[in-house]
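Read the structure below first, then the notes.
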Amino acid sequence: MCENEILNNKNKQNVRCRYCNSLILRKQQGEYTKLHIDLPLMHQKNTTKDVNTIETEELVDFWFVNDMFIFENVGFSNTVNKRKYLICADCEMGPLGYHDIATKKCYLALQRVHHGNEQVKNENPPT
């Protein structure tokens, strides 16, 4: 999935929100890295009886961004367990990745964003 998006270990194309097409990261600004990180699901299924349980999924492919000011259009959640989750600043969909408070480094999940400049087919926009 991700091999087509990598050029010289960086993002080959612009990175955009899958829901509103907002530009999040310009090409060649993120460095490809593999991590095993559990991120909350973008749409909680609430399959458990406990509504306070946050459902997560393990993601592996990330764009590493050394400085939060490199992003074009990203928002940050409140701090949760020494992390701030990244969201689209326009439509507020997320989490798209996370910001590590201790290291001040950001990780944007390839699986949660769109790559390229063409218009994204609407994937159930927020209501």
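The values are calculated or read from the model by the stated rules, or taken from the named source; none is laboratory data. What you see is a predicted model, and the numbers here were worked out from it, not measured in a lab. Reconstructed Cβ throughout: ideal geometry from the backbone, glycine too, with neighbour counts over all protein chains shown. Please note that ligands, DNA and RNA were not included when accessible areas were found on the heavy atoms of the full protein model with its side chains. Shrake-Rupley method; radii C 1.70, N 1.55, O 1.52, S 1.80 Å.
Around Ile101, with a cut-off of 11 angstrom between Cβ atoms, what is the net charge of the other residues, counting Lys and Arg +1 and Asp and Glu -1?
That works out to +4.
State the label only: which of [x] 38, 32, 27; [y] 45, 35, 25; [z] 153, 60, 10 corresponds to Cα extents along the principal axes in Å computed from the shown model?
[y]
What number, in nm² with one decimal, is the all-direction average of the projected area of the convex hull of the alpha-carbon atoms of the stretch 14-79?
5.7 nm²
Once amide H atoms are placed 1.01 Å from N in the peptide plane, what residues at a sequence separation of 5 or more from Arg16, or on another chain, have their amide H within under 5 Å of its amide H?
The list, which skips near neighbours in sequence, is Ile24, His114, His115, Gly116.
Can you compute 3J(HN,Hα) from phi for each residue in the stretch 54-60, using the Karplus curve 6.51 cos²θ - 1.76 cosθ + 1.60 with θ = phi - 60°, rounded to whole Hz and x for Gly and Pro?
9, 7, 10, 9, 7, 10, 10
In the chain, carbon and sulfur make up what percent of the accessible area (probe 1.4 Å)?
46 percent
Roughly speaking, what is the stretch gain from Gln111 to Lys82, that is 0.36 nm per residue apart minus the C-alpha to C-alpha distance, in nm to one decimal?
Additional length available on full extension: 8.2 nm.
Among Lys12/Lys84; Lys34/Lys84; Lys12/Lys45, which pairs are too far apart, with a Cα-Cα distance over 23 Å?
From Lys12/Lys84; Lys34/Lys84; Lys12/Lys45, over 23 Å: Lys12/Lys84; Lys12/Lys45.
Using a cut-off of 18 Å between alpha-carbon atoms, which aspartates and glutamates can reach Lys104, once sequence neighbours fewer than 8 places away in the same chain are excluded?
Those aspartates and glutamates meeting the cut-off are Glu31, Asp67, Glu72.
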